[in-house]
Amino acid sequence: MASSRTRLRVVMTLLALFLMAGCSSPVASESTDTEPPVASPAIPIKIGTLPTEDMLPLWVAQEKGYIADEGVPRFEIVVFQSAQERDAAFASGAIDAFMGDLIASANLEAAGSGVTLATVMLGADQSQGRFGIIASKGWKGGTGAEGLKALAGVPVGTSSATIQEYVLDGLMSEAGVATDQVKVEEVKKVPVRFELLMAGKLKAAALPEPFLSLAQAQGAVLIADDTASKANLSQTVLGVSDDYLARPGGTSTVDALMRAWDKAVADINADPSAFRPILVKQARLPKPLEATYVVNTYPSHALPRKDEIDAVLTWMTSKGYLSGEVTYEDLTLVLPEN
C-alpha cells in the first residue's frame with residue numbers, strides 16, 4: 001500500500017536527518033579535518049517513452065552531448081508503442097524511469113512500483129502541450145462552452161483512466177455539463193480513434209497532439225482544448241523508480257539529467273523551429289504536419305504543483321481508478337541514497 005511506503009520514506013528521511021545531526025555533535029565539531037560527504041557518481045539510466053513531443057529536450061540533450069557532459073556514463077531512451085508496454089517495463093525493472101502522466105504515475109505507485117517525479121516535461125501551464133475535444137466533419141453543435149454543452153449525453157471516443165479522459169471531464173465540467181451527462185465510448189488506441197473520427201464513425205473524440213492538429217487539418221471541428229481551460233489539466237512528467245533512486249548514484253544521475261534538461265530547454269526555447277528535424281524524426285510526426293507543426297516551448301525542470309497532483313488523485317479516486325491510497329508526498333519525496 002502507498003500509505004505504508006510513505007511511512008517508510010518518512011522514517012528513512014528522519015534517520016538520515018538524525019545521522020546528519022550526529023555528525024555535528026560536540027565531539028565531531030572538535031575535528032578540524034572533517035570532510036563533507038561526497039555525492040556518489042552518476043550511474044547508467046534507461047528511460048522509457050512513447051514517440052511524443054514531450055521528450056524533445058532529452059533527445060536534444062542526448063544529441064548535443066549535454067547528458068554525457070554532466071557525467072552520466074550511459075543514457076538510453078527506449079521507445080514503446082503503448083503506455084501499457086511502457087508501464088510493464090517500468091514495473092519489471094527493465095527501465096529506470098519513464099515519460100508519462102500523473103495518472104500512470106499514481107497507478108504504478110498504488111500497484112507497488114514506487115515512483116518519484118523528477119520534473120514536468122510538458123504542461124507547466126495551460127499553454128504547453130495540447131489535448132482537446134474534436135468533432136467529426138460537419139459538426140453543427142458549435143464550439144467552446146456551447147459545443148461542449150451540445151456533447152451532453154453524446155458518446156465521446158476516448159480511453160478511460162487516462163489523461164485524455166481527465167481532460168474531457170475537466171473541460172465538460174468547466175462548461176457546466178453534469179458528470180452523469182459525460183459519456184465515453186472506449187477506443188483505447190489513439191490512431192484508431194482518429195481514424196474512426198475522420199470516417200464519421202465517432203461524433204467526437206478526445207485527442208492529444210499531433211493527432212489533434214492532423215484532424216483539424218483534415219476538416220474536423222475543434223470544440224475545445226485545454227490551452228484555454230481555467231485549470232491546468234494536463235502535464236506529462238518524468239517518473240523515476242524509487243529503487244533506482246535508492247542506489248548509490250541514483251539521485252546524482254537524476255540531478256545531472258535535470259541540468260542537461262535545462263540546457264536543452266534553453267536551446268529549444270531560443271529557437272524552437274531549429275529543432276523541428278529532431279522532433280519529426282523522433283516523435284514520428286505525420287507527413288502532412290512535418291513542415292507546419294508548431295514546436296513547443298518547454299519548462300525548466302520543476303515538479304507539478306501540489307494542487308495539480310491532488311486534483312488528479314481526487315478524480316482517480318472518484319472514478320475508482322486507484323487500487324490503493326496515493327498522496328502528493330508519495331510521488332515527490334525523494335529517498336536518501338544508501
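Report yes if some residue within the stretch 178-195 is of a type in the set (A, V, I, L, M, F, W, C) and touching a residue at least 40 places away in the same chain (Cβ under 8 Å); otherwise report no.
Checked the stretch 178-195: no residue is of a type in the set (A, V, I, L, M, F, W, C) and touching a residue at least 40 places away in the same chain (Cβ under 8 Å).
Looking at the stretch 49-88, which of its residues are at pLDDT 95 or above, closer than 18 Å to residue 162 by Cα and not in a helix (DSSP H, G or I)?
Within the stretch 49-88, 49 is the sole residue that qualifies.
Please specify each residue of the stretch 84-106 satisfying the condition of being within 22 Å of residue 316 (Cβ to Cβ), crowded, with 21+ Cβ neighbours inside 10 Å and of a type outside the set (Val, Ile, Thr).
Matches in the stretch 84-106: 86, 87, 90, 97, 98, 99, 100, 101, 102, 104, 105, 106.
Considering the stretch 48-82 alone, what residues qualify as being of a type in the set (A, V, I, L, M, F, W, C), closer than 18 Å to residue 284 by Cα and surrounded by fewer than 22 Cβ atoms within 10 Å (Cβ to Cβ)?
The answer is 50, 59, 77, 78, 79, 80.
Exactly one of these conditions fails for residue 124: (1) surrounded by 21 or more Cβ atoms within 10 Å (Cβ to Cβ); (2) at pLDDT 95 or above. Give me its number.
If we test residue 124 against (1) surrounded by 21 or more Cβ atoms within 10 Å (Cβ to Cβ); (2) at pLDDT 95 or above, just (2) comes out false.
Looking only at the stretch 35-56, how many residues end up being in contact with a strand residue (DSSP E or B) (Cβ under 9 Å, 6 or more places away or on another chain) and under 14 Å from residue 97 (Cβ atoms)?
Counting residues in the stretch 35-56 that are in contact with a strand residue (DSSP E or B) (Cβ under 9 Å, 6 or more places away or on another chain) and under 14 Å from residue 97 (Cβ atoms) gives 9.
Identify, from the list 88, 104, the residue that is under 24 Å from residue 193 (Cβ atoms) and without any contact (Cβ under 8 Å) to a residue 12 or more places away in the chain.
The match here is 88.
Residues of the stretch 142-180 being surrounded by 17 or more Cβ atoms within 10 Å (Cβ to Cβ), of a type outside the set (A, V, I, L, M, F, W, C) and not in a helix (DSSP H, G or I), which ones?
If the condition is that a residue be surrounded by 17 or more Cβ atoms within 10 Å (Cβ to Cβ), of a type outside the set (A, V, I, L, M, F, W, C) and not in a helix (DSSP H, G or I), then 157, 158, 159, 162 are the ones that fit.
Can you tell me which residue among 260, 283, 231 is more than 26 Å from residue 197 (Cα to Cα) and modelled with pLDDT under 95?
Checking each option against the conditions leaves just 231.
Does residue 256 qualify as being aliphatic (A, V, I, L, M) and within 17 Å of residue 76 (Cα to Cα)?
yes
Within the stretch 286-338, can you find the residues that are aliphatic (A, V, I, L, M), in a helix (DSSP H, G or I) and either modelled with pLDDT under 95 or loosely packed, with under 14 Cβ neighbours inside 10 Å (or both)?
Correct list: 289 only.
Here are some residues: 260, 270, 224. Which one is surrounded by 21 or more Cβ atoms within 10 Å (Cβ to Cβ) and over 29 Å from residue 96 (Cβ atoms)?
It is 224.
Name the pairs whose Cβ atoms lie under 9 Å apart, with the first residue in the stretch 289-311 and in the same structural domain as residue 103 (by TED's automatic domain parsing), the second charged (D, E, K, R) and part of a loop (DSSP other than H, G, I, E, B), and 6 or more positions between them or separate chains?
293/209; 296/130; 296/209; 299/125
For residue 248, which of the numbered conditions (1) crowded, with 22+ Cβ neighbours inside 10 Å; (2) under 30 Å from residue 90 (Cα atoms); (3) at pLDDT 95 or above fails to hold?
For residue 248, the failing item is (1).
The values are calculated or read from the model by the stated rules, or taken from the named source; none is laboratory data. From a predicted model like this one, the values you see are computed outputs, not experimental measurements. Note: ideal-geometry Cβ built from the backbone for every residue, glycine included; neighbour counts use all protein chains shown.
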